[in-house]
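Everything below concerns the one structure shown next.
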Amino acid sequence: MKTELIIRSNSSSDIDFALLRDGRLVELNKETSDSKFSVGDIFLAKIGKVMTGLNAAFVNVGYPKDGFLHYHDLGPQVQSLNKFIKKVSTGKFKEFTLRNFRSENDIDKDGSINNVLKSGQNLLVQIVKEPISTKGPRISSELSIAGRYLVLVPFSNRVSVSQKINDNKEKERLKKLAKSIKPKGFGLILRTVAEGKKVAELDKDLQNSLNRWISLCKRIPNTNTPTKVLSELDRASSILRDVMNDSFTSIVTNDESLKLEIKEYLQEIYPEKEKIVRLHKSNIPIFEKYGIERQIKTSFGKTVSMSKGAYLVIEHTEALHVIDVNSGNRSNRAKNQEETALEVNLIAATEIARQLQLRDMGGIIVVDFIDMKSAENRQKLFQHFREAMSLDRTKHKILPPSKFGLVQITRQRVRPELEIKTREPNPNKNGEVEAPIILIDKIEAELDKILSSKTAYKEITLNVHPFIYAYLTKGLTSIRFMWFLRYKKWIKIIPRDAYQYLQYHFSYKKKNK
């Protein structure tokens, strides 16, 4: 698998990140210059109202809406954290490594929040869910500092290994290494990318995280609340930290300073990959060059086309997301209905896994796959879907298909869902229509069906609106010429003045037998 990271810096100082796997867009992120509340940021905040009935508190982190902190998000060591903040706030306690810090007992997991927090007190909290819609950020006082190979957890004593590492011997090896370097007063969580790493690499990563913790602590004394005391890495660094592996073949950006920053960061975490960082110098915009703009247009609409004429319909209700799988007009040529259903469902499962990650859809998702009578086929679909979702870094859970073909998914929502407008003004009349590029996908899907049939065609004619005709035939390497190379068939295109903007029609002559 070939992985590429394309980074576009805009004049507004916003930065867009596109992650491609084998040329397919699988993740799209935006980092805005005014982003003040990112997942992983740590704030010295002030407790507002303590709501005994909700067993939660509202916390002022500087956002217009207070953050929500439930008792179960306090973490068992919150009393130790409270004691530490009081000591450090005086400016006299400077033993930030916790080597000589005496921890308090863990709180009762079924206790009451008013026995732990008081209105007006200061507390270190971490953003676990960004502000979404009218809600403030969701926060936790169980702090963690993520590094490349491990996560540092202050006031804990636990050592654990990622569940995604399946080799039990490797898990035991990593646990032993972690215990040998674990500083007193801190817990460690070994990440999936730690698999196969040596103790020197783990220790170097640990020291980087410890330095970030010390930097955080130095900002606590004489600080007004609320104040951000530790920022999560910028989006480029966090993507590289979390997904960088041997499959990365290129990292391309259109900004010289960004290129230097990325090379510097890679020198720390993955020096052998520093040479894959390049500066985009072409006159063609960077997202156009790598086909990202086209994929954005065709991937974010209500309807998503897939291969062989199948398509998805994605709708967002108040309570959940609903995805409907449609086979198009393929059933006429299939050997039987069950075979068609399985083939389309497998294609759809792969695309849905991509869509969830691409749009960053969270909460409850219900997928209506095409009904299959065979329990064996339903199991095949379930296994295929799980494998397709295995590359998704966000926490998720998938239930097996029901007899009705419904699959239920829960996926952690930590950021607002990415929504991109894919409709454009209608030149024929008022209102909006789909972008022309989405129409091209539909036309190509129909061409696939026509030319994959056993029928031999002497001539194929496509009738379209004059605007679309111009779009399809412009230049020496026009879309029509690309079709000729792909299908080995010249498609005759005729402009029709009477057609609506996105109206099209195929006509064809069969060869004489």
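The values are calculated or read from the model by the stated rules, or taken from the named source; none is laboratory data. What you are looking at is a predicted structure, and each value in this text was computed from that prediction instead of being measured. Counting neighbours? That spans all protein chains shown, and the Cβs are built from the backbone with ideal geometry, glycine included. Accessible surface is based on the protein model in full, side chains and every heavy atom, while ligands, DNA and RNA are left aside. Shrake-Rupley method; radii C 1.70, N 1.55, O 1.52, S 1.80 Å.
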For the range 177-213 and the range 57-117, distance of Cα centres in Å: 24 Å
Ranking by accessible area, most exposed first, for 102, 480, 359 with a 1.4 Å probe: 102, 480, 359
The chain: angle of helix 436-452 to the longest principal axis, Cα-based, in degrees nearest 10: 60 degrees
The range 172-272: projected area of the alpha-carbon convex hull, averaged over directions, in nm²: 8.7 nm²
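For the range 216-282, build the convex hull from the C-alpha positions and give me its volume per residue in Å³. Write out the running numbers ahead of the final one.
Numbers: hull volume 7.9 nm³, N = 67.
That works out to 118 Å³ per residue.
Scan the range 267-330 for chymotrypsin sites (Phe, Trp or Tyr not before Pro) in coil per DSSP, keeping those whose Cβ has at most 15 other Cβ atoms within 10 Å, and list them by number.
none
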Cβ-based charge dipole, the chain, positive-most Cα from 439, 62, 139: 439
Per-peptide average of other Cβ atoms within 10 Å, ordering 402-409, 38-45 highest first: 38-45, 402-409
Unit charges at the beta carbon, dipole of the chain: most positive-side option, 408, 50, 372: 372
Cα shape, the range 1-120, gyration tensor, a/c 1.5 rule: prolate
C-alpha long axis of helix 256-269 to longest principal axis of the chain, angle in °: 60 degrees
Charged-residue dipole, Cβ positions (Lys, Arg, Asp, Glu), the range 279-359 about Cα centre, Debye nearest 20: 420 debye
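Taking the Cα centre of the chain as origin and charging only Cβ (+1 Lys, Arg; -1 Asp, Glu), how large is the dipole, in debye to the nearest 20?
Working: 87 positive and 61 negative charges, 163 e Å.
The dipole magnitude comes to about 780 debye.
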Top positive-direction residue, dipole computed over the range 255-397 with Cβ charges, set 357, 391, 340: 340
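Can you give the % of DSSP beta bridges in the chain that are antiparallel, to the nearest 5? Mind dumping the intermediate values first?
Values: 69 of 90 bridges.
Looking only at bridges with both residues in the chain, the antiparallel portion is about 75 percent.
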Alpha-carbon Rg/Rh ratio, for the range 95-166, with Rh computed the Kirkwood way: 1.00
Percent carbon-and-sulfur accessible area, the range 1-110, ignoring ligands, DNA and RNA, probe 1.4 Å: 47 percent
